Amino acid sequence: MDLASVRSHNDRTVLRLVRAGALSRADIAAEAGLTPQAVSKIVARLLSAGLLEETGAVRGGGRGKPRMALQLRGDGACAYGAYVDRDELRVVRLDLAGTQVSSSVVPLAPMFAPADVLDALAPLVQPGENVLGLGIAIAGPLDFRDGVVSPNGLPGWSAVPLRALAEQRLGLPVVVDKDTNAAVLAEAWARPLRDAALVFAGTGLGVGLLLDGELHRGARSGAGEFGHTTIQLDGPLCVCGRRGCVEAVHAAAGSGVEAARVLGAAVANLVQLLDLDQIVLSGRRVLESPELYLRAMPDVAVSVSTHGPDLVPVGAGLLVLGELFR
Ligand SMILES: [Zn+2]
């Protein structure tokens, strides 16, 4: 199958509408503002590419022949997502609908190098004709456009061309983005979010921002380095080399209650700054004691992500898969 042939704007519009629940060609035409003939042609192409399937007849609004219902064909395409954390590598495989169909976790030894990550990825990622590619999520700072990363908390990783290295080694298209951006994409895949922050407290601390419904990366892919904003002048030394960052103060807190209180105060600043209406919490620190963190948050809609530990790798896969639906 030639996936490149189904990437026109109208193809992606049709895929997006089917994913959103448009059942028939007539529904799609009405919602997309396309002629029924154009939609029939696009749907025929997507059916033959194996991305859509017909599920049977549904009753239309008026008389005439019943309409054939359409849905995404899960096995029509897939994408891999990986999360390079500070101590482990998580890899998931997503089907066309974004459903997680497999998941692996491999420990990474202290001071691991880029080559160690590629060695760990190679047996877990198989290129194939319906494989769209691999999304890799990692801590910032990084440049989303060229996939060059200098992540905080990974000693020796400075200006690593991770995307180019991974494409060369694995033989498939690769996208690299921050772990927190991947996380907020995963959260927004299942439910609409408008002005929201995904606050991720794991081995590091950061936020993924959705502003006006769009992922906000900033001018230099640096948005969301919330963990490295200063909350305590002359506070504890941080992995980034500065003092008193939210991440360092949170990590140095004497108790879970105190850690949650630090994060709550920092998130309150963020809500004030950006007028956010939704906060979603995740990361292993949050997942260990979600109630503590929920209680410490400011007075906006706050929830804990239901994705569990695979939130970031799922979002990394969606960086690739989501392009079919944009
Ligand atoms: Zn810092």
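The condition (being part of a loop (DSSP other than H, G, I, E, B) and either open to solvent by less than 60 Å² (accessible area, probe 1.4 Å) or more than 15 Å from the ligand (Cβ to nearest atom) (or both)) is satisfied by just one residue among Gly227, Gly222: Gly222.
Per the conditions (1) over 18 Å from the mean Cα position of the chain (by Cα); (2) within 16 Å of the ligand (Cβ to nearest atom), the sole criterion not satisfied by Leu205 is (1). Across the range 129-162, the number of residues qualifying as open to solvent by less than 40 Å² (accessible area, probe 1.4 Å) and at positive phi comes to 3. Checking each residue in the range 243-258 for being within 16 Å of the ligand (Cβ to nearest atom) and assigned to a helix (DSSP H, G or I) picks out Val246, Glu247, Ala248, Val249, His250, Ala251, Ala252. Residues in the range 230-242: is at least one surrounded by 15 or more Cβ atoms within 10 Å (Cβ to Cβ), closer than 17 Å to Leu319 by Cα and within 16 Å of the ligand (Cβ to nearest atom)? The answer is no, given that none of the residues of the range 230-242 is surrounded by 15 or more Cβ atoms within 10 Å (Cβ to Cβ), closer than 17 Å to Leu319 by Cα and within 16 Å of the ligand (Cβ to nearest atom).
For beta carbons closer than 8 Å, sequence separation of 6+ or different chains, a first residue in the range 269-297 that is touching a residue at least 60 places away in the same chain (Cβ under 8 Å) and a second that is of a type outside the set (Lys, Arg) and open to solvent by 50 Å² or more (accessible area, probe 1.4 Å), the qualifying pairs are Asp277/Ala301; Gln278/Ala301; Ile279/Ala301; Leu281/Leu294; Ser282/His307; Arg284/Pro309.
The values are calculated or read from the model by the stated rules, or taken from the named source; none is laboratory data. Because the structure is a prediction, the values reported are computed rather than measured. Cβ sites come from the backbone with ideal geometry, for glycine too, and all protein chains shown count toward neighbours. All accessible areas refer to the heavy atoms of the entire protein, side chains included, with ligands and DNA or RNA removed. Shrake-Rupley method; radii C 1.70, N 1.55, O 1.52, S 1.80 Å.
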